[in-house]
Amino acid sequence: MASIESVTGPLDPEDLGTVLIHEHLRFRDNATADEFPHLYDDDALYAAGVEAANKALRVGVKTIGEPTAMFGGRDVRFMQAVAQETGLQVVPCTGIYTYDYLPLNWQTRSEDDLAEAFVHDIEQGIQGTDVKAAFLKCAADEAGVTINVEKVHRACARASVRTGKPIMAHSHPGSATGPRQVEILVGEGVDPEQIQIAHTGDTDDLDYIEDLLQTGVYIGLDRYGIEMYLPTERRNATVLALLERGHANKMHLSMDSCGSIDWFSEQATTALIEQGAVRDWDPALLHDQVVPQLKEGGMTDEQLDTMLVQNTRRWLTPL
Ligand SMILES: [Zn+2]
């Protein structure tokens, strides 16, 4: 069986263990961090990444999918250091996280040129290291599938078809981006089994979710702790309803937590926590709080194993 790439080398799929498919160790703007490094306390951010990894390990998580791509400040040496220090297995990606903007260098080049850059990360290694990308990342958000967003999706699809690697697509159910994202990727020849529509769990519109599942893709119920997008109780009700309908084998559970994130000032972060907009948003939240709630609602151990062990392994294993 094909191996799964991690920042500390290829893994036997059997050794993945319990996986949180969508957790960031550090998230920050590439350009700002490059141009104004004095705004970032690297030691503190590293310590925060180690702390996040240790929280995952404490609850029995062995591996995380680390979907930080371009514009999220992807840095595989950072991930590698955290993985080596803590023992957490970290599975990196390649791709571009944009809701619309693309720099001119990519606007003036083709989907295939972009795909070529992604394939380099998959076959040669990322950022001058021998760490290889295990999956591809693209995004669509409130603005929908814009021309630039479509380009990134087509590039990811072409790189996926060439390399057999799966695709994680950040979506925005509020503007119903999911079906269009699937249409583009499948239209390029990607097997729906290799597509994960992330953040589907930000809605509890079961008709919208069922329509996505009909296409054969995986869905991410992956933002536990971000109460401002959907509170935990409604996320749980959605998960339980989908389990009851027999969809366990297409669901991924995660938090989309960030060991650190530069989106908000310290003051704004404090306010968000005080307002309850985010609550206990870290890699331990699922096991510490959500799993007991879901079990109380009828989720079986077998269903949990299906989602956190089997689905994650199946999705990550290249074709
Ligand atoms: Zn994310």
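The values are calculated or read from the model by the stated rules, or taken from the named source; none is laboratory data. Since this is a predicted model, take the numbers as computed values, not measurements. Reconstructed Cβ throughout: ideal geometry from the backbone, glycine too, with neighbour counts over all protein chains shown.
Need pairs with beta-carbon distance below 6 Å; first residue touching a residue at least 40 places away in the same chain (Cβ under 8 Å) and within the range 144-156, second assigned to a loop (DSSP other than H, G, I, E, B) and buried (at least 24 other Cβ atoms within 10 Å of the Cβ); sequence gap 6+ or separate chains.
Filtered contacts from the range 144-156: Val149/Ala140.
Residues of the range 266-319 being of a type in the set (Val, Ile, Thr) and touching a His at 6+ places or on another chain (Cβ under 9 Å), which ones?
Listed by number, the list holds a single entry, Thr312.
Confirm whether Ser110 is within 18 Å of Lys137 (Cα to Cα), away from the ligand (no atom under 16 Å from the Cβ) and without any contact (Cβ under 8 Å) to a residue 24 or more places away in the chain.
Yes; evaluated as a whole, the condition is true for this residue.
Restricting to helices (runs of 4 or more DSSP H) lying wholly in the range 245-319: which have 2 or more residues that are in contact (Cβ under 8 Å) with a residue 60 or more places away in the chain?
Where helices (runs of 4 or more DSSP H) fall fully within the range 245-319 and carry at least 2 residues being in contact (Cβ under 8 Å) with a residue 60 or more places away in the chain, they are 312-316.
What number of residues within the range 301-319 are out of contact with any helix residue (DSSP H, G or I) (no Cβ under 7 Å at 6 or more places or on another chain), over 18 Å from Gln194 (Cβ atoms) and of a type in the set (A, V, I, L, M, F, W, C)?
Here the count works out to 2.
For residues that are in a helix (DSSP H, G or I) and polar (S, T, N, Q), scanning just the range 87-132, find the one that is farthest from Ala31 (Cα to Cα).
Here the answer is Gln107.
Among the residues in the range 72-87, are any within 16 Å of the ligand (Cβ to nearest atom) and farther than 21 Å from Ile126 by Cβ?
The answer is no; no qualifying residue exists.
Which one of the conditions (1) surrounded by fewer than 17 Cβ atoms within 10 Å (Cβ to Cβ); (2) in a loop (DSSP other than H, G, I, E, B) does Asp211 fail to meet, given that it meets all the rest?
The failed condition is (2).
Residue by residue, here is whether (1) under 19 Å from the mean Cα position of the chain (by Cα); (2) surrounded by 15 or more Cβ atoms within 10 Å (Cβ to Cβ) holds:
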position	(1), (2)
Glu233	no, no
Leu253	yes, yes
Asp262	yes, yes
Leu272	no, yes
Pro283	yes, yes
Gly297	no, no
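Please pick out the residue among Ala140, Ala198, Ala157 that is aliphatic (A, V, I, L, M) and more than 15 Å from the ligand (Cβ to nearest atom).
Ala157
Looking at the structure I just gave you, is Glu233 under 19 Å from Gly60 (Cβ atoms), assigned to a helix (DSSP H, G or I) and modelled with pLDDT of 95 or more?
No, not satisfied.
Scanning for something under 16 Å from Phe118 (Cβ atoms) and surrounded by 17 or more Cβ atoms within 10 Å (Cβ to Cβ), does the range 198-208 turn up at least one residue?
No, every residue in the range 198-208 fails to be under 16 Å from Phe118 (Cβ atoms) and surrounded by 17 or more Cβ atoms within 10 Å (Cβ to Cβ).
Within the set of pairs 6 or more residues apart or between chains, which connect a residue that is under 18 Å from Ser171 (Cβ atoms) inside the range 91-106 to a residue that is away from the ligand (no atom under 16 Å from the Cβ) with Cβ atoms less than 6 Å apart?
Listed by first residue and then by second, the contacts come to Tyr99/Ala143; Asp100/Ala143; Asp100/Thr146; Asp100/Asn148.
Scan the range 10-39 for residues that are out of contact with any Gly (no Cβ under 9 Å at 6 or more places or on another chain) and part of a loop (DSSP other than H, G, I, E, B) and jot them down.
Those that are out of contact with any Gly (no Cβ under 9 Å at 6 or more places or on another chain) and part of a loop (DSSP other than H, G, I, E, B): Pro10, Asp12, Leu16, Phe36.
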